[in-house]
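A short worksheet on the structure shown next.
The values are calculated or read from the model by the stated rules, or taken from the named source; none is laboratory data. Bear in mind that the values here come from a model prediction, so they are computed numbers and not experimental data. Because the Cβ atoms are built from the backbone with ideal geometry, glycine has one as well, and the counts that use them run over all protein chains shown.
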Amino acid sequence: MADAVRDVEGVTFHDLYETYPDMLIDVRFEQEQLLAHEAVVFQHPFYWYSAPSLIKEWLDLVLTHGWAYGDKGHAVDGKLWMQAITSGGGDDSYGPSGHNRFTIGELLRPFEATAHLCRMRWREPFVMRSSHMRTPELMAECARTYRARVLGLMREE
């Protein structure tokens, strides 16, 4: 999925694990990045019904009260937020009768609530299910679909 959008003009592909191998986030830099863009896509594997720890740390440190939310926190008002995730489970795994019991949309509610708190515009997540079981052809098709979603998000700004 990363390779599908890395070369899109106007997209800044920012790998948190590459940038912060020590897990020490440069909050000022990250806030400047948010200010410079109209949309943010959190692309990650869906670990334990959430995001990897560095993304959670990023949310905790970067989206601060008085900057991203609260009476005086309006820095990200109106910006677009989209999750782009991969999951090991297939379509039948998510839902009331599935192994995971809840839909992916329900499990992503904390992210949606965070976007709402920050007055950002939540967009329908991009989800690649059964990621470990896909053939190269299905992976390529998914990558094309993801690229199209990102391009559509850019046109929406």
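Below are the figures for this structure:
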quantity	calculated
Within region 48-71, tally of residues that are hydroxyl-bearing (Ser, Thr, Tyr), over 26 Å from Met154 (Cβ atoms) and surrounded by 13 or more Cβ atoms within 10 Å (Cβ to Cβ)	3
Qualifying position, being farther than 15 Å from Tyr49 by Cα and surrounded by 15 or more Cβ atoms within 10 Å (Cβ to Cβ), among Arg123, Arg129, Arg144	Arg123
Hits in region 24-41 (condition: out of contact with any helix residue (DSSP H, G or I) (no Cβ under 6 Å at 6 or more places or on another chain) and hydrophobic (A, V, I, L, M, F, W, C))	Leu24, Phe29, Leu34, Leu35, Ala36, Val40, Val41
Members of region 12-26 found to be farther than 27 Å from Glu156 by Cα and in a helix (DSSP H, G or I), listed by number	Tyr17, Glu18, Thr19
All positions within region 34-74 that are more than 15 Å from the chain's Cα centre (by Cα), within 23 Å of Gly10 (Cβ to Cβ) and in a helix (DSSP H, G or I)	Leu35, Ala36
Some residue of region 77-95 being touching a strand residue (DSSP E or B) at 6+ places or on another chain (Cβ under 9 Å), surrounded by fewer than 18 Cβ atoms within 10 Å (Cβ to Cβ) and within 20 Å of Val11 (Cα to Cα)	yes
Failed item in (1) in a loop (DSSP other than H, G, I, E, B); (2) touching a His at 6+ places or on another chain (Cβ under 9 Å); (3) at pLDDT below 90, with Asp92 passing the rest	(1)
Qualifying residue in region 126-139 (condition: hydrophobic (A, V, I, L, M, F, W, C), in contact (Cβ under 8 Å) with a residue 24 or more places away in the chain and over 25 Å from Gly10 (Cβ atoms))	yes
Tabulated pairs, region 45-74, first farther than 20 Å from Phe102 by Cβ, second charged (D, E, K, R) and at pLDDT 95 or above, C-beta under 6 angstrom, 6+ apart or interchain	Val62/Glu30; Gly66/Lys72
